[in-house]
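Enquirer: Below: one structure in structure tokens.
The values are calculated or read from the model by the stated rules, or taken from the named source; none is laboratory data. Just so it is clear, the model here is predicted, and its values are computed rather than measured. Here Cβ is always computed from backbone atoms with ideal geometry, including for glycine, and neighbour counts include all displayed protein chains. Each accessible area value is taken on the protein alone, full model and side chains, heavy atoms only, with ligands, DNA and RNA left out. Shrake-Rupley method; radii C 1.70, N 1.55, O 1.52, S 1.80 Å.
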Amino acid sequence: MLIAHISDLHVMPKGQLAYGRVDTAAMLRTTVAQLNRIVPRPDLVLVTGDLADHGEIDAYAHLREILAGLEIRYLVIGGNHDRAENLRAAFADHSYLPAHGDFIQYAIDEYPLRIVAADSVVRGRVRGSMCDQRLEWLDRTLGEKPSTPTLLMMHHAPFITGLAHSDDLCMERVEELEQVISRHPQIERILCGHVHRAVQVRFGGTFASSCPSTAHQSSVDLREHGQDMFTLEPPGFQLHRWTNRRLFSYTLNVGTFEGPFPFH
Ligand SMILES: [Fe+2]
Ligand SMILES: [Fe+2]
């Protein structure tokens, strides 16, 4: 099974740029075209939040128009930039999304890898967290299939990256989350967004992994008081290849580059 992971699309209403300079919609279109060209074709695309930069209805309509070009099934969760009610309305035809309730979280049991999507968003806040109710849901949901290899997807990364920007915005209650995760060794990866860069850390006996953004990337400033900045280096996405024994993860850049050239 081959899974593509994209994150932090930050789409704006038509004609608007994010942060006054990032054409997130055009960048997503390029990513969608690149995903459609992958051979063999991924079975599924996971989209880990910050779908719309300000969460307006117009932005979701714009997003749906672009994602309509994606020839692969995709699953979404929200991020801190999303507005849950507008996201739900825009994706009302995505029957796996709960139509009601405080949280947008679910499990998909149709593939060799089970997908569990957890909601790490605290409404009105940038930082993520999981309340007791969500931790209980996660523990219970993971406990339903203890021997099925599982990918857990959530918007916030449960680790301190050392990148100044994201660390101001990191997740709370990670110790409690880590205790839950460590009870479920079938989790192959925790796939996250929010960081706008690929970072991998051991967490709760598995790997937590953040994905690059399809738009702007957080700059790598590892000084203690590094600045909160982004770059327009090539965007990226990840591929996760499941062999029924191991999960291999690849980070790719979006764009057109020279090559491939033969080694010999
Ligand atoms: Fe983001
Ligand atoms: Fe975010």
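Enquirer: Which condition number does GLY143 fail, the rest of (1) within 16 Å of ligand 2 (Cβ to nearest atom); (2) among the small types (Gly, Ala, Ser); (3) touching a residue at least 24 places away in the same chain (Cβ under 8 Å) being met?
Expert: For GLY143, the exception is condition (1).
Enquirer: Against the definition (under 22 Å from SER129 (Cα atoms), open to solvent by 20 Å² or more (accessible area, probe 1.4 Å), part of a loop (DSSP other than H, G, I, E, B) and free of Cβ contacts under 8 Å to residues at least 40 places away in the same chain), how does PRO185 come out, yes or no? Walk me through it before giving the result.
Expert: Details: under 22 Å from SER129 (Cα atoms): yes; open to solvent by 20 Å² or more (accessible area, probe 1.4 Å): yes; part of a loop (DSSP other than H, G, I, E, B): yes; free of Cβ contacts under 8 Å to residues at least 40 places away in the same chain: yes.
For PRO185, the condition - under 22 Å from SER129 (Cα atoms), open to solvent by 20 Å² or more (accessible area, probe 1.4 Å), part of a loop (DSSP other than H, G, I, E, B) and free of Cβ contacts under 8 Å to residues at least 40 places away in the same chain - is met.
Enquirer: Separate question: Run TYR60 past the list (1) assigned to a loop (DSSP other than H, G, I, E, B); (2) open to solvent by less than 30 Å² (accessible area, probe 1.4 Å) and report the number of the one that doesn't hold.
Expert: (1)
Enquirer: Only residues that are closer than 19 Å to GLN200 by Cβ and out of contact with any helix residue (DSSP H, G or I) (no Cβ under 9 Å at 6 or more places or on another chain): list them for region 218-233, please.
Expert: Those that are closer than 19 Å to GLN200 by Cβ and out of contact with any helix residue (DSSP H, G or I) (no Cβ under 9 Å at 6 or more places or on another chain): VAL220, GLU233.
Enquirer: Give the number of residues within region 1-15 that are crowded, with 17+ Cβ neighbours inside 10 Å, closer than 14 Å to HIS62 by Cβ and in contact with a His (Cβ under 9 Å, 6 or more places away or on another chain).
Expert: Matching residues across region 1-15 total 4.
Enquirer: OK, next. Which residues, counting only those in region 70-123, are among the β-branched types (Val, Ile, Thr) and either surrounded by 18 or more Cβ atoms within 10 Å (Cβ to Cβ) or over 25 Å from ALA25 (Cα atoms) (or both)?
Expert: Start the filter on region 70-123 by keeping residues that are among the β-branched types (Val, Ile, Thr), which leaves 72, 76-77, 104, 108, 115-116, 121-122.
Passing the criteria: VAL76, ILE77, ILE104, ILE108, ILE115, VAL116, VAL121, VAL122.
Enquirer: Which pairs have Cβ atoms under 9 Å, sit 6 or more apart or on different chains, and link a residue in region 153-176 that is assigned to a loop (DSSP other than H, G, I, E, B) to one that is of a type in the set (Ser, Thr, Tyr) and away from ligand 1 (no atom under 15 Å from the Cβ)?
Expert: Partner pairs satisfying both residue conditions: HIS156/SER129; ALA157/SER209; MET171/SER129; GLU172/SER129; ARG173/SER129.
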